[in-house]
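Encoded as structure tokens, the structure appears first; notes follow it.
The values are calculated or read from the model by the stated rules, or taken from the named source; none is laboratory data. Remember, it's a predicted structure, so these values are computed and weren't measured experimentally. No Cβ is skipped: glycine too gets one built from the backbone with ideal geometry, and neighbour counts run over all protein chains shown. Remember, those area values only see protein heavy atoms, side chains included, never the ligands or the DNA or RNA. Shrake-Rupley method; radii C 1.70, N 1.55, O 1.52, S 1.80 Å.
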Amino acid sequence: QVQLVESGGGLVQAGGSLRLSCVASGRAFSRYNMGWFRQAPGKEREFVTAVRWSGGRIYYADSVTGRFTISRDNAKSTVYLQMNSLKPEDTAVYYCAADLAGWGTSASAYDYWGQGTQVTVSS
């Protein structure tokens, strides 16, 4: 098992940047595929980005491509989400997810979730 704790959310003006962190506790973080999802009020949880355990494959939602960057530091058991050129429509609770086998754009592929961190982008 792995426990996930996100941090780094906050209030930022449109065009600004934030970096989210997700620290994992437990065993063998380096073996987990990691993902970021977000959920805005009244909307379903949606895929943002994901990285394979090896770091060799990364996938982004079209809405964040070119603005967001996922990275992982296995030595620190941490995955990051660098968010640049933020837009009001990026406002949501951002969740970190992990799974040993599952990977991809579907939330159902991940067994482990953090509690989420709020990101609010003002216009």
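Here is the figure for the range 18-30: residues that are open to solvent by 60 Å² or more (accessible area, probe 1.4 Å) and over 22 Å from Leu86 (Cβ atoms) total 2. Evaluation of Asn33 against the conditions (1) more than 22 Å from Gly10 (Cα to Cα); (2) open to solvent by 10 Å² or more (accessible area, probe 1.4 Å) shows that the sole unmet condition is (2).
Residue-wise test of (1) on the phi < 0 side of the Ramachandran plot; (2) of a type in the set (A, V, I, L, M); (3) touching a strand residue (DSSP E or B) at 6+ places or on another chain (Cβ under 8 Å).
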| position | (1), (2), (3) |
| --- | --- |
| Gly15 | no, no, no |
| Arg27 | yes, no, yes |
| Trp36 | yes, no, yes |
| Phe47 | yes, no, yes |
| Gly55 | no, no, yes |
| Asp62 | yes, no, no |
| Thr65 | yes, no, no |
| Ile70 | yes, yes, yes |
| Lys76 | yes, no, yes |
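Rundown of residues vs (1) over 10 Å from the mean Cα position of the chain (by Cα); (2) of a type outside the set (Asp, Glu); (3) open to solvent by less than 40 Å² (accessible area, probe 1.4 Å), yes/no style:
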{"position": "Ala40", "(1), (2), (3)": "yes, yes, yes"}
{"position": "Ser54", "(1), (2), (3)": "yes, yes, no"}
{"position": "Arg72", "(1), (2), (3)": "yes, yes, no"}
{"position": "Ala75", "(1), (2), (3)": "yes, yes, no"}
{"position": "Thr78", "(1), (2), (3)": "yes, yes, yes"}
{"position": "Asp99", "(1), (2), (3)": "yes, no, yes"}
{"position": "Ala109", "(1), (2), (3)": "yes, yes, yes"}
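Considering (1) modelled with pLDDT of 95 or more; (2) open to solvent by 60 Å² or more (accessible area, probe 1.4 Å); (3) not in a strand (DSSP E or B), the lone condition that Tyr59 does not fulfil carries the number (3). Remark: pairs (first residue in the range 100-117, farther than 15 Å from Cys22 by Cα; second residue open to solvent by 70 Å² or more (accessible area, probe 1.4 Å) and assigned to a strand (DSSP E or B); Cβ separation under 8 Å; 6+ apart in sequence or on different chains) = Gly104/Tyr59; Thr105/Tyr59. With respect to the conditions (1) part of a strand (DSSP E or B); (2) open to solvent by 40 Å² or more (accessible area, probe 1.4 Å), Gly15 falls short on a single one, namely (1).
Look at the range 79-96: where a residue is among the acidic types (Asp, Glu) and a partner is in a strand (DSSP E or B) and crowded, with 18+ Cβ neighbours inside 10 Å, sitting 6+ places away or on another chain with Cβ atoms under 6 Å, you get Asp90/Val121.
Screening Ala61, Ala24, Ala28 for residues that are over 10 Å from the mean Cα position of the chain (by Cα), farther than 15 Å from Tyr112 by Cα and among the aliphatic types (A, V, I, L, M) leaves exactly one candidate, Ala61.
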